[in-house]
1. Could you tell me whether residue 50 is open to solvent by 90 Å² or more (accessible area, probe 1.4 Å), within 18 Å of the chain's Cα centre (by Cα) and among the aliphatic types (A, V, I, L, M)?
2. Can you name the number of the only condition in (1) modelled with pLDDT of 90 or more; (2) surrounded by 10 or more Cβ atoms within 10 Å (Cβ to Cβ); (3) among the hydroxyl-bearing types (Ser, Thr, Tyr) that residue 30 fails?
3. Which of (1) surrounded by fewer than 10 Cβ atoms within 10 Å (Cβ to Cβ); (2) under 18 Å from the mean Cα position of the chain (by Cα) does residue 45 not meet, given it meets every other one?
4. Which residues, counting only those in region 13-24, are loosely packed, with under 10 Cβ neighbours inside 10 Å and either part of a loop (DSSP other than H, G, I, E, B) or of a type in the set (Ser, Thr, Tyr) (or both)?
5. Go through (1) at pLDDT 85 or above; (2) exposed (fewer than 11 other Cβ atoms within 10 Å of the Cβ) and name the single condition residue 56 misses.
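The values are calculated or read from the model by the stated rules, or taken from the named source; none is laboratory data. Bear in mind that the values here come from a model prediction, so they are computed numbers and not experimental data. Note that each Cβ is placed from the backbone with ideal geometry, even for glycine, and that neighbours are counted across all protein chains shown. When the accessible area is computed, the model is the full protein with side chains, heavy atoms only, and any ligands, DNA or RNA have been set aside. Shrake-Rupley method; radii C 1.70, N 1.55, O 1.52, S 1.80 Å.
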Amino acid sequence: LPAAVLLKDTKLMDVKLGQLGSWLSMRDFTPGGILGAIRRGHERFYNKYINVRKGGLGGLSMVLAGYVILSYMWSYSHIKHDRRRKYH
């Protein structure tokens, strides 16, 4: 039999819909808690995709996709302006 896991230690994907309110109330929404959550997320991403022994294209392709999306967002106003222009 698996040991009972406290609701506070349960991952978001394992929380049932009825338990969502009490699970959210147990989270730490102070600036230190939010910063710690961002730091843990960055460490998980880094260890999963960047700091690996046998590297693949996963981490590199995610960085490249992020760059493409950001460059599109930065140049969107110029692209939007050119879209309505007629060439003739």
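1. Values: open to solvent by 90 Å² or more (accessible area, probe 1.4 Å): no; within 18 Å of the chain's Cα centre (by Cα): yes; among the aliphatic types (A, V, I, L, M): yes.
The answer is no for residue 50.
2. Evaluating residue 30 over (1) modelled with pLDDT of 90 or more; (2) surrounded by 10 or more Cβ atoms within 10 Å (Cβ to Cβ); (3) among the hydroxyl-bearing types (Ser, Thr, Tyr) leaves (2) as the failure.
3. Among (1) surrounded by fewer than 10 Cβ atoms within 10 Å (Cβ to Cβ); (2) under 18 Å from the mean Cα position of the chain (by Cα), residue 45 violates only (1).
4. Of everything in region 13-24, just one residue is loosely packed, with under 10 Cβ neighbours inside 10 Å and either part of a loop (DSSP other than H, G, I, E, B) or of a type in the set (Ser, Thr, Tyr) (or both), namely 16.
5. Against the list (1) at pLDDT 85 or above; (2) exposed (fewer than 11 other Cβ atoms within 10 Å of the Cβ), residue 56 comes up short only on (1).
Yes or no, residue by residue, for (1) of a type outside the set (Gly, Ala, Ser); (2) over 21 Å from residue 6 (Cβ atoms):
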{"site": "28", "(1), (2)": "yes, no"}
{"site": "33", "(1), (2)": "no, no"}
{"site": "39", "(1), (2)": "yes, yes"}
{"site": "47", "(1), (2)": "yes, yes"}
{"site": "58", "(1), (2)": "no, yes"}
{"site": "61", "(1), (2)": "no, yes"}
